[in-house]
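Data first, discussion second: the structure below is written as structure tokens.
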Amino acid sequence: MMGRCWEGGEPPPQPPPPFFFNRLAGGWGGTSPPLGSGGACYAQPCLLPFGLWTTLVVLLIDQLSKWYASQHLADQSITLVPGFFDLELVHNMGAAFGLFANFAPGWRSLILIGVAVVATVFILTLLRKSDRILEALALGLVLGGALGNLLDRVRNGWVVDFLHLHWHDLSWPVFNLADSAICVGVGLLLWDSFRKTGTKQ
């Protein structure tokens with residue numbers, strides 16, 4: 001498996017990874033460090049750099065989109081698909097899709113920032129141990145989305161939302177690209193988990 005360490009002795013023979021995958025996963029100098037003081041780690045591609053690059057791309061796109069929304073949607077909304085999809089600026093005091101928006105401001109900020117920090121540490125731990133590219137991609141998406149909303153909350157006290165889906169009397173809470181990245185990442189994690197379970201059977 002990619003990015004594994006062995007406790008002493010020689011590692012089992014591994015087929016060389018394709019050139020593109022090798023560049024993508026470990027081309028920036030990433031290799032897995034030893035898991036313990038007595039372990040030896042061999043030069044296998046590590047998926048941590050790939051996951052972190054995914055995180056960075058999501059974070060940059062999210063922040064740029066929020067900057068655009070703040071600059072151009074402050075006094076107007078833009079209809080992209082009539083009766084279904086609009087761009088509409090909202091300052092979300094709560095979590096994703098407006099959750100916890102009715103909490104007292106002090107407690108709300110403390111809870112949401114604390115949860116985001118704990119989630120970031122947890123995701124980084126999972127990403128460090130990841131040995132499947134789909135899992136690393138999914139974790140990078142979730143981490144990028146979480147950091148994007150956390151940055152908004154620390155900087156402004158709210159999160160910039162601007163994507164509004166609706167149909168007749170049905171309306172989905174306004175959200176942003178960070179929320180979308182988190183949802184896609186969680187979906188990919190579930191899919192990868194099902195695939196792994198099916199392979200073991």
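Derivation of every value follows stated rules applied to the coordinates shown; laboratory data play no part. From a predicted model like this one, the values you see are computed outputs, not experimental measurements. Virtual Cβ from ideal backbone geometry, glycine too; neighbours counted across all protein chains shown.
Points to keep in mind about this one:
- Protection proxy ranking for 186-193, 140-147, using the average of other Cβ atoms within 10 Å per residue and placing the highest first: 140-147, 186-193.
- Subtracting the Cα-Cα distance of residue 186 and residue 167 from their residue separation scaled by 0.36 nm leaves 4.3 nm.
- Counted charge near residue 163, where neighbours are those whose Cβ lies closer than 13 Å (Asp, Glu -1; Lys, Arg +1): -4
- Taking a point 7 Å out from the Cα of residue 80 in the direction of its Cβ, the residues of the range 133-171 whose backbone N falls within less than 14 Å of it are 161-166.
- Computed from backbone phi with θ = phi - 60° and the Karplus coefficients 6.51, -1.76 and 1.60, the 3J(HN,Hα) list for the range 120-127 is 4, 5, 5, 5, 4, 5, 5, 5 Hz; x is used for glycine and proline.
- Packing-based order for 49-55, 163-169, using average beta carbon neighbours within 10 Å, highest first: 49-55, 163-169
- Between residue 60 and residue 193, residue separation times 0.36 nm minus the direct Cα-Cα distance comes to 45.1 nm.
- Residue-span extension gain [residue 156 to residue 68] - 0.36 nm each, minus C-alpha spacing: 30.1 nm
- Radius 14 Å from Cβ of residue 72, net charge of other residues (Lys, Arg +1; Asp, Glu -1): -2
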